[in-house]
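Here is the structure we will look at, set down as structure tokens.
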Amino acid sequence: MKASIFAAAAAIALAGNAALADGTAPQHGQPPVSAMALMNLGRDGLLRSYFESDQFGSVQWRVGQGRITIGNAAASGQPKSHYKDGTTDTVVPLNFMFGLPGGNSVIRLGVRGTFSNGANYPVELDGGTGRVDLQYLRFPDASTMWAIGGFYEHTDLDIDDAGSIKRPAGGIRADILKEFSAHWGVAARAEYSWGTDDLEIGVGPSLTMRHKQADDHLYTQAELIGQFRNSDIGIVPESWVLHPVLGVQFQRSFIQSTANNFGVVSSGVVGATENYGTVWAHLRLEKEAAPGGWSPNFLAGLEQEYANDLDAIVDDPTYAVLGAGLSKTFAKGNRFEVAFTRHQGLQGKRWNQALVGTLTLNF
């Protein structure tokens, strides 16, 4: 997660590092393009969208939880009213940013640990996911960034009193950020993940069903993000910025048809493909603090599912989204932020929340 002041501080650090690596200094006291772009995109709120994975993480949890819940309901014969879904995640992202010679490029190494604590409902998932990203960031001009790279992740979850599921995966990710006016910009993300599910379920005394199959997915996301200050809208407090956000995401999963250890052939719980999509509207209010000062932020919004092939048991398509965070930028643009976000289904059947502590170091 990145806020506008981080972008400015990080830009200073990246500018200095790029100049040293290149053996030159910026001409006429001007920072390189990457530094100016980071300042602009951070002020716009676009960098936050790039670094943040709250919506992505929510989607992965809902898809995984939906699959297991449908399978459990089919085996147990319990009615739909028996089931609810919920989880509390602790997320620890570490980002390492390396400015490259020439001043137009940056390498990002990201390490993220997600530790899930499922609610004490009929289907409880506990465990976590570790992920490593390596991306090349390019800044063609002071209002544009594109990035491309790869990742590896491993998910290991316990299905309480039932079994376990593991999914090692690798993939590619691409992003683009573009400021196109004084008040608006767009942030878009796409990634393709190649993975393998290894599911083990206890089906009787000393008897376990094991099903191993390819499980790939395509994830896409885009956000239109605004920035308005007191000089634009009088109700915005001085030294604060209001970011309205309109977003959309879509994920399609592709599940291989294979036989389990009993010889039964199947793919996913609803077939060989699964679709999941949401739209959302958020308002984020954030204080613009100088380096060394604390910057609080507050989030409120609504989220609506428009596609969900896994809602046969738990169907709660509309969510209230609430959050708050606190960040501080240190020397060289190094930054720490802690934030809490909750997605609450308005029918009370599904919720997920996350406490995120992010550390970013610049080299």
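The values are calculated or read from the model by the stated rules, or taken from the named source; none is laboratory data. As the structure is a prediction and not an experimental result, all values here were calculated from the model. Because the Cβ atoms are built from the backbone with ideal geometry, glycine has one as well, and the counts that use them run over all protein chains shown. For the accessible areas, the whole protein counts, side chains as well, though only heavy atoms, and no ligand, DNA or RNA atoms are used. Shrake-Rupley method; radii C 1.70, N 1.55, O 1.52, S 1.80 Å.
Quick look at the numbers
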| item | result |
| --- | --- |
| Distance violations [Cα-Cα > 31 Å] among K84/K287; K178/K287; K166/K349; K166/K332; K84/K166 | K84/K287; K166/K332 |
| In Å², nearest 10: area of Y50 left accessible to a 1.4 Å probe | 10 |
| Solvent-accessible area, 1.4 Å probe, carbon plus sulfur percent, for the chain | 63 |
| Viscosity 0.692 mPa s, temperature 37 °C, Stokes-Einstein D of the range 231-360 from Kirkwood C-alpha radius, µm²/s | 183 |
| Potential extension, L326-F298 segment - 0.36 nm per residue separation minus Cα distance | 9.2 nm |
| For the chain, size of Cβ-based charge dipole, Lys and Arg +1, Asp and Glu -1, in debye | 620 |
| Residues L94 and A281, FRET efficiency given R0 of 51 Å [Cβ-Cβ distance, rounded to 0.05] | 0.95 |
| Whole-number accessible area per residue in Å² for the chain, which is evaluated in the context of all protein chains at 1.4 Å | 42 |
| Accessible area, probe 1.4 Å, largest first, for residues W61, W184 | W184, W61 |
| Equivalent ellipsoid semi-axes, the chain, via Cα gyration tensor eigenvalues times 5, rooted, Å | 40, 23, 17 |
| Inverse mean reciprocal Cα-Cα distance (Kirkwood Rh) of the range 75-117, Å | 14.6 |
| Computed magnitude of the charge dipole of the range 240-347 (debye, nearest 20; Cβ of K, R +1, Cβ of D, E -1) | 640 |
| Rg(Cα) / (2.2 N^0.38 Å) computed for the range 133-242, rounded to two decimals | 1.67 |
| Gained length - S76 relative to V248, 0.36 nm times residue gap less alpha-carbon distance | 58.4 nm |
| Distance histogram in 10 Å bins (all Cα pairs of the range 84-196, percent per bin) | 13, 31, 29, 18, 8, 1 |
| Span from the the range 70-99 Cα centroid across to the the range 290-330 one, whole angstrom | 16 |
| Projected area, mean over directions - the range 295-363, Cα convex hull, nm² | 6.2 |
| Using a Förster distance of 30 Å, the FRET efficiency for S181-Y306 (Cβ separation, nearest 0.05) | 0.65 |
| Most mobile listed residue (A300, A182, A324) in the chain, GNM with C-alpha springs under 10 Å | A182 |
| Reference-scaled alpha-carbon Rg (2.2 N^0.38 Å with N residues) for the range 123-180 | 1.69 |
| Diffusion constant of the range 31-147 at 10 °C, which comes from Stokes-Einstein with the Kirkwood Cα-pair radius and 1.306 mPa s, µm²/s | 94 |
| Extension gain, I107 back to S266 (0.36 nm per residue minus Cα-Cα distance, nm) | 53.1 nm |
| Accessible area of K84 in the full protein assembly, 1.4 Å probe (Å², nearest 10) | 90 |
| Cα-based Rg and Dmax for the range 171-212, where Dmax is the largest Cα-Cα distance (Å) | 21.7, 66 |
